[in-house]
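*Asks:* The structure is given below, and queries will be raised subsequently.
The values are calculated or read from the model by the stated rules, or taken from the named source; none is laboratory data. On a predicted model such as this, the values are computed, not experimentally measured, just so you know. Using ideal geometry, Cβ is built from the backbone for each residue, glycine included, and neighbour counts are taken over all protein chains shown.
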């Protein structure tokens, strides 16, 4: 089985400051789950690195990201189907007044298009997307 780690989980894991996240990630791997990320999450991670003021911190964080990428099974990208889903869901959320951040919607669209569960701690945005999706993609971690 494959699961997509959303940006908040990856950041927590890379920072190593939330032992419960480290534990859950390791448990998933031990249970044979292939954990992957999306190109959206990878882009957000790189933005965070280059937004750091200290070059020393940039290098340290870049090393962590490179190591993570080397150990991933795959990085899911946008395709025709996920792009269509993004447009459909985004328009529906907009009409209902439940707009969500674009990166969250892109990540959700990739998960939905590929029928892969997405792991996040974001209880505000992703449940709104999950409610209108045909595929229950959401796995919330505390």
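*Asks:* For segment 46-56, does any single residue satisfy the condition of being at pLDDT 95 or above, within 14 Å of the chain's Cα centre (by Cα) and either surrounded by fewer than 12 Cβ atoms within 10 Å (Cβ to Cβ) or under 28 Å from residue 83 (Cα atoms) (or both)?
*Replies:* Yes: one or more hits.
*Asks:* Here are 97, 90: which of them is surrounded by fewer than 17 Cβ atoms within 10 Å (Cβ to Cβ) and more than 25 Å from residue 32 (Cα to Cα)?
*Replies:* Within the list 97, 90, the selection yields 97.
*Asks:* Further question: From 42, 5, grab the single residue that is free of Cβ contacts under 8 Å to residues at least 40 places away in the same chain, buried (at least 16 other Cβ atoms within 10 Å of the Cβ), under 17 Å from residue 111 (Cα atoms) and within 14 Å of the chain's Cα centre (by Cα).
*Replies:* 42
*Asks:* Next question, about the same structure. If a residue must be out of contact with any strand residue (DSSP E or B) (no Cβ under 6 Å at 6 or more places or on another chain) and outside any helix (DSSP H, G or I), how many such residues does segment 109-119 contain?
*Replies:* 1
*Asks:* Quick check: anything in segment 88-108 under 24 Å from residue 24 (Cα atoms) and touching a strand residue (DSSP E or B) at 6+ places or on another chain (Cβ under 6 Å)?
*Replies:* Yes; the residues of segment 88-108 include at least one that is under 24 Å from residue 24 (Cα atoms) and touching a strand residue (DSSP E or B) at 6+ places or on another chain (Cβ under 6 Å).
*Asks:* Within segment 64-84, identify whether any single residue is closer than 20 Å to residue 114 by Cα, in the same structural domain as residue 114 (by TED's automatic domain parsing), surrounded by 15 or more Cβ atoms within 10 Å (Cβ to Cβ) and out of contact with any strand residue (DSSP E or B) (no Cβ under 9 Å at 6 or more places or on another chain), and answer yes or no.
*Replies:* No: zero hits.
*Asks:* Could you please let me know if residue 129 is in the same structural domain as residue 7 (by TED's automatic domain parsing) and surrounded by 15 or more Cβ atoms within 10 Å (Cβ to Cβ)?
*Replies:* no
*Asks:* Any chance segment 109-125 includes a residue that's farther than 22 Å from residue 45 by Cα, without any contact (Cβ under 8 Å) to a residue 12 or more places away in the chain and surrounded by fewer than 20 Cβ atoms within 10 Å (Cβ to Cβ)?
*Replies:* No: zero hits.
*Asks:* Additional query: What do you reckon, is residue 93 in contact with a helix residue (DSSP H, G or I) (Cβ under 7 Å, 6 or more places away or on another chain), part of a helix (DSSP H, G or I) and in contact (Cβ under 8 Å) with a residue 60 or more places away in the chain?
*Replies:* In short, no.
*Asks:* Taking residue 32 as the residue in question, decide whether it is at positive phi and touching a residue at least 24 places away in the same chain (Cβ under 8 Å).
*Replies:* yes
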